[in-house]
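Remarks on the structure that follows.
Any read-out appearing in this document is the output of simple, stated calculations on the displayed coordinates, not a laboratory observation. Note that this is a predicted model, so its numbers are computed, not measured. Reconstructed Cβ throughout: ideal geometry from the backbone, glycine too, with neighbour counts over all protein chains shown.
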Amino acid sequence: MPVDEASWSTELLLTVDRNGPATLGAQVETQLRDAIRQGVLRPATQIPSTRDLARQLGISRRVVVDAYAQLAAEGYLTMRQGARPRVSDAAAAASEPAPAAPAPPPRYDFRPSVPDVSAFPRAAWLRSLKRALSTLADAGLGYGDPCGDPEPRAALAAYLGRVRGVVADPGRVVITCGFGQAQGVVCQALARAGAQVLAIEDPSNLEPFAIAERAGLTPVRVPVDDEGLRVDALPDDADAVLVTPAHQHPTGVVLSPERRAALVAWLRERDAIAIEDDYDAEYRYDRAAVGALQGLEPERVVYAGSASKTLAPALRLGWLVVPQALVEPVRQEKYLADQGTSRIEQLAFADFLERGELDRHLRRMRARYHARRDALIEALAESLPEATVRGIAAGLHVNVELPEGVDDRAIQAAASERRITLRTMRDYSPSGPPTLMLGYGQLPEPAIRAGVRELAALIA
């Protein structure tokens with residue numbers, strides 16, 4: 001009698017050997033018992049009914065009934081009338097150590113550059129996702145261009161040109177899975193073209209150093225001052241430089257017009273490439289927007305951005321605008337990396353952009369973050385008047401420079417014991433004055449004030 005596979009509601013990887021030394025029932029018992037003991041079958045996992053498993057294995061149902069009954073008697077399975085058999089919680093718990101209790105969440109989360117993901121525009125995103133799926137042809141469910149689909153690339157080119165002054169032909173836009181991947185594919189492409197040294201701002205995030213080294217490049221630190229990257233300190237052998245000109249991370253300074261001109265001149269003289277990380281330029285409060293460096297020299301600047309700060313890191317959406325000479329090398333690296341970012345999310349993002357949803361969301365978030373930043377500045381002035389607060393004009397954090405001699409690492413450790421999470425400048429660079437980095441993206445105003453008062457007590 002042919003087996004109706006469509007009737008199987010649950011599948012299980014088991015085999016039986018009719019010529020083996022053990023009976024068929026013993027083989028079923030042993031494999032199920034071992035799978036539960038080893039954690040292959042987890043607590044409460046549903047397994048096939050006796051009828052389904054007998055069909056799958058091509059054996060008598062009575063064999064499976066007896067095997068299940070034995071395992072239930074031993075406590076490995078839970079059997080209830082009218083319900084599917086399940087793996088017993090007690091049996092699984094006995095076979096493995098109890099998991100460690102998760103750490104409690106921080107009482108005050110002052111981590112810098114972390115957005116308020118609770119404000120993610122779920123309804124608007126869901127509408128865009130539904131529209132993308134309803135209009136997607138069957139062919140769109142296959143592999144696409146590793147650089148991205150035409151619609152999101154065109155939408156991004158228009159958006160970046162409008163709000164960031166980026167010279168962005170859609171053919172030079174590459175959709176990525178966030179900034180980390182974006183930097184990785186660019187570094188791989190540069191290394192394959194013969195580049196050897198990548199200059200990186202100091203202080204800076206640590207991840208770019210690892211990404212550069214993994215691509216075969218040698219990362220070199222270049223100091224930052226109140227005007228941004230010290231162009232005069234760029235090493236003579238540097239082939240490329242990673243820079244955050246609109247809002248340097250983590251100091252918060254803006255690359256001055258003079259330094260911008262000097263950096264462009266250096267790129268032309270050296271025939272070098274700049275990777276511009278435009279990570280949070282949308283959030284500005286006390287100054288006008290600063291256009292992208294890429295607009296000054298599109299053929300020598302790789303522009304990089306992402307949705308991680310503007311929407312949510314979980315989207316894993318980023319983008320590049322690359323010089324024409326790097327389009328094909330980057331395409332090849334992107335193909336090798338993942339054969340392309342999720343096409344459905346790309347199309348939803350294109351719809352989200354074209355309908356103005358991102359603009360509306362950013363207007364709401366600027367107002368929210370502005371209020372939180374003001375609350376943080378006021379709380380610091382009241383509770384820590386001896387501190388110098390820097391980097392307040394934009395972004396999602398401020399830098400609180402403490403008097404000389406204060407041990408910022410000790411403060412960080414003491415705060416952690418009280419479930420207050422923060423960063424110090426020493427997390428990004430080994431040198432510099434004691435400085436706490438306090439993010440305000442995730443905390444409402446009352447929590448900001450209470451958290452600062454508790455920090456001030458620790459410092460005192």
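Here the stretch 119-358 carries DSSP beta bridges of which approximately 35% are antiparallel, counting only pairs with both residues inside.
Our compactness index for the stretch 119-358, the C-alpha radius of gyration over the empirical 2.2 N^0.38 Å, is 0.99. Can you compute the FRET efficiency between Ala22 and Arg409 using 1/(1 + (r/R0)^6), with r the Cβ-Cβ distance and R0 = 56 Å? Round to the nearest 0.05. Efficiency computed from Cβ-Cβ geometry: 0.35. When the chain is described by a simple charge dipole with +1 on each Lys and Arg Cβ and -1 on each Asp and Glu Cβ, the residue from Ala456, Leu12, Gly252 located farthest towards its positive end is Leu12. Note on the chain: the alpha carbon radius of gyration divided by the globular reference 2.2 N^0.38 Å gives 1.25. Can you give the % of DSSP beta bridges in the chain that are antiparallel, to the nearest 5? The antiparallel fraction comes to roughly 55 percent. Taking every C-alpha pair closer than 8 Å and separated by at least 6 residues, the mean separation divided by the residue count of the chain gives a relative contact order of 18 percent.
Mean sequence separation of contacting Cα pairs (under 8 Å, at least six apart), scaled by the length of the stretch 11-155, corresponds to a relative contact order of 21 percent. Given their separation in residues at 0.36 nm each and the Cα-Cα distance between them, Glu207 and Gln46 gain 53.8 nm when the chain is fully extended. For the chain, the Cβ-based charge dipole about the Cα centre amounts to some 1720 debye (Lys, Arg positive; Asp, Glu negative; other atoms uncharged). Between Ala73 and Thr30, the modelled labels are 1.9 nm apart [label points 7 Å from Cα along Cα→Cβ]. Packing here is the average count of other Cβ atoms within 10 Å per residue, and on that basis the peptides 354-360, 53-59, highest first, run 53-59, 354-360. Protection proxy ranking, highest mean first, for peptides 432-445, 172-185: 172-185, 432-445, where packing is the per-residue count of other beta-carbon atoms within 10 Å, averaged. Sorting 337-345, 149-157 by their mean Cβ neighbour count within 10 Å, with the most densely packed peptide first, gives 149-157, 337-345. Across all Cα atoms of the stretch 5-94, the radius of gyration (one decimal) and Dmax (whole number) stand at 12.3, 35 Å.
Between the C-alpha center of the stretch 346-369 and that of the stretch 188-241 there is a gap of 32 Å.
Relative contact order, whole percent, for the stretch 119-358 stands at 30, derived from Cα pairs under 8 Å and 6 or more residues apart. As a proxy for reagent exposure, His249, His361 were ordered by neighbouring Cβ count within 10 angstrom, fewest first; the result is His361, His249. For the stretch 371-427, the spread of Cα coordinates along the three principal axes comes to 28, 24, 21 Å, biggest extent given first. Helix 61-73 sits at what angle to the longest principal axis of the chain, using alpha carbons and giving 0 to 90 degrees rounded to 10? Once rounded, one gets 70 degrees. Fewest-first ordering of Trp266, Trp319 by other beta carbons within 10 Å of each residue's beta carbon gives Trp266, Trp319.
Mind checking the angle between helix 150-164 and the chain's longest principal axis? C-alpha axes, 0 to 90 degrees, to the nearest 10. For helix 150-164, the angle is close to 30 degrees. Between the helical axis of 327-338 and the dominant principal axis of the chain, each derived from Cα atoms, what acute angle in degrees is found, rounded to the nearest 10? The answer is roughly 30 degrees.
Applying 1/(1 + (r/R0)^6) with R0 = 51 Å to the Cβ-Cβ distance of Ala381 and Glu11 gives a FRET efficiency near 0.20. As a calculated quantity, the FRET efficiency between Arg270 and Arg61 at R0 = 60 Å, using C-beta atoms, amounts to about 0.20.
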